[in-house]
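Down below is the structure, laid out as structure tokens.
FYI, it's all coordinate maths here, none of it is from the lab. Given the structure is predicted, the values throughout are model-derived calculations rather than measurements. Neighbour counts run over all protein chains shown; Cβ positions are idealised from the backbone, glycine included.
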Amino acid sequence: MTNEQWLRARVAPDQSHHLVDGVPLYAARFDEVLKFHPPGLAAVRTRGKAWHINERGDAVYSRRFVRTFGFYEGLSSVHGIDGWHHIHPDGRDLTGERYTWCGNFQEGRCTVRASDGWYQHIDVSGRPVYQRRYRYAGDFREGIAVVQREDGRSSHIDEAGRLIHGVHYQDLDVFHKGFARARDDRGWMHVDRTGRAIYAHRFACVEPFYNGQARVERDDGALMIIDECGDQVLLLRSSESDAASYARPAVPTLDGSKDAQLRILLIGLPGAGKSTLAAALCERFGVRLFAIDDFRQAHADGTVAGDCLARALFLRSCGTQTHAIFEFSAVGVHRYDVATALRECPGPLLTVWVDAGDAVREQRLLARGGRLPWPRYRLDATRQELEARGHAVLREDYEQGFWTRDPGWQAYRLDTGVALDAACAELLRIVDKFLLQSTTAP
């Protein structure tokens, strides 16, 4: 064997030694071996004792430990009888400090856990990088690591221990390809380096992005590939409830060649009840909801650019989703773009103007905290002025057929001033009628 054969060495199937091209690298056998790491050393263990060997199978120092691990950046994490610490390739301790657990050095930093259960990062000299300690601290990647506060929420820090964006999530991962997996109260998604979600959807679980696409699982069990806008690229597995959803009435395309999907657009002023009705439709027909407010919550920051990004992602959904509920106010010039985007997926569309009196809407807005979903940069008028203008636009569009200009497009006005339960029941009847008419249309 020539020097540096360890570079091509692989752990044998029984994990007792190393092989190079199927030939044992040395004669010795161990209870367990790990792969070689620079400078050409591998961790081994036999009869409860652990150390490091070279490519000849010889121990490189006389010390023995409970466990040894690979060398990273010239240092190995070891578990001794007196605790966890790091050693140099010749077996010398990095420092005299002992921990209840040590990670591996990455980018000049290593996470360690003290005897009281708290984590922090140390540098290659063994000194703490910052004073604060966390309930958990992960490895660094691309100069950023995940840390968890005492309340269980996690964020990102830089190599000096400073918060990158200050946003904390229920769960969080390191950045990969510019994005990190994160989980909030609604589920899993991907966030950028500002800590903001890059799309409005939430999933049961998500994988890191790989060349602009990621594998995700929805709450209903469906698996699919999404792009960086959160839009479906490929369906890998249907939902667990698809058997039931297939029983819904089919909506044919205009040429009758194949079944189309159900598309419903809910429009109306804040507090009219669009979100409540959307939830009922999603449950009944197995469709997903794309609401402009969700996109704004994820991306808008009070600037024109932030709101434009949210609107662009909403438009992308309108132009690509063939089986979905869309929700927005439809009171500004943006409605022209939405209508154009919806035409990019030819087929039937049911638009429902969700309408309610001012007093009813005011009561509902107060019940949810009085939040006004208009972009902050547009608040050059009172809420009453904005809503008066919006109601006039909605009425004019409805009376002039703005949402019924394309073949297969229908529009209804739904009064939700009555109890929302009754409004939901009426809406379901409207949708069933729409489906029946679409199915029997020539």
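Please name which of PRO346, PRO89, GLY273 has its Cα lying farthest along the dipole of the chain towards the positive end, using unit charges on Cβ (Lys, Arg +1; Asp, Glu -1) and the Cα centre as origin.
PRO89
Calculate the spin-label point distance for GLN213 paired with LEU366, positioning each point 7 Å from the Cα along the beta-carbon direction, and give it in nanometres.
So the two model labels end up 5.2 nm from each other.
Considering only TYR119, TYR412, TYR210, give the residue with the highest GNM mean-square fluctuation for the chain, with springs between Cα atoms whenever their separation is below 10 Å.
In the Gaussian network model the winner is TYR210.
Using a cut-off of 12 Å between alpha-carbon atoms, which aspartates and glutamates can reach LYS49, once sequence neighbours fewer than 8 places away in the same chain are excluded?
ASP31, GLU32
For GLU150 and ARG413, what does the FRET efficiency come to when R0 = 56 Å and r is the distance between their Cβ atoms, rounded to the nearest 0.05? Can you show the working numbers first?
Values: r = 52 Å, r/R0 = 0.93.
E between GLU150 and ARG413, to the nearest 0.05, is 0.60.
For the range 278-357, give the magnitude of the charge dipole about the Cα centre (Cβ charges: +1 Lys/Arg, -1 Asp/Glu; no others), in debye to the nearest 20. Mind dumping the intermediate values first?
Details: 7 positive and 9 negative charges, 44 e Å.
Dipole size: approximately 220 debye.
Select from ASP116, ASP31, ASP93 the residue whose mean-square fluctuation is largest in a Gaussian network model of the chain (Cα-Cα springs shorter than 10 Å).
ASP116
Report the calculated FRET efficiency for LEU234 and ALA312 (r = Cβ-Cβ distance, R0 = 30 Å), to the nearest 0.05. The partial results should precede the final answer.
Details: r = 22 Å, r/R0 = 0.74.
Step by step, r from the Cβ atoms, then E = 0.85.
Order 126-135, 334-343 from most to least packed using the mean count of other Cβ atoms within 10 Å. Before the final figure, lay out each step's value.
Details: 126-135: 15.0, 334-343: 16.8.
In decreasing order of mean packing, 126-135, 334-343 become 334-343, 126-135.
Need the full-extension length gain, TYR336 to ARG8, defined as separation in residues times 0.36 nm minus the C-alpha distance. One decimal, nm.
On the way: separation 328, 0.36 × 328 = 118.08 nm, distance 6.20 nm.
Roughly 111.9 nm would be gained on extension.
What ranking do 266-272, 396-402 get when scored by the average of other Cβ atoms within 10 Å per residue, highest first? Provide the component values of the computation, followed by the final result.
Values: 266-272: 24.9, 396-402: 13.7.
The most tightly packed comes first, giving 266-272, 396-402.
Which one is right for this structure if Cα extents along the principal axes in Å is calculated from it: (i) 148, 52, 35; (ii) 59, 50, 50; (iii) 89, 50, 33?
The listed entry that was calculated here is (iii).
Whole number please: convex hull volume per residue of the Cα set in the range 5-174, in Å³? Write down the numbers at each step before the final one.
Numbers: hull volume 21.8 nm³, N = 170.
In the range 5-174, the Cα hull volume divided by residue count equals 128 Å³.
When we measure straight from the Cα of LYS35, which aspartates and glutamates land under 17 angstrom away, once same-chain ones fewer than 8 places off are left out?
The qualifying aspartates and glutamates are GLU4, ASP14, ASP21, GLU55, ASP58, GLU73.
Return the FRET efficiency for the residue pair ILE430, GLN297: r is the Cβ-Cβ distance, R0 is 22 Å, and the value is rounded to the nearest 0.05. Mind dumping the intermediate values first?
On the way: r = 28 Å, r/R0 = 1.29.
With a Förster radius of 22 Å, E is 0.20.
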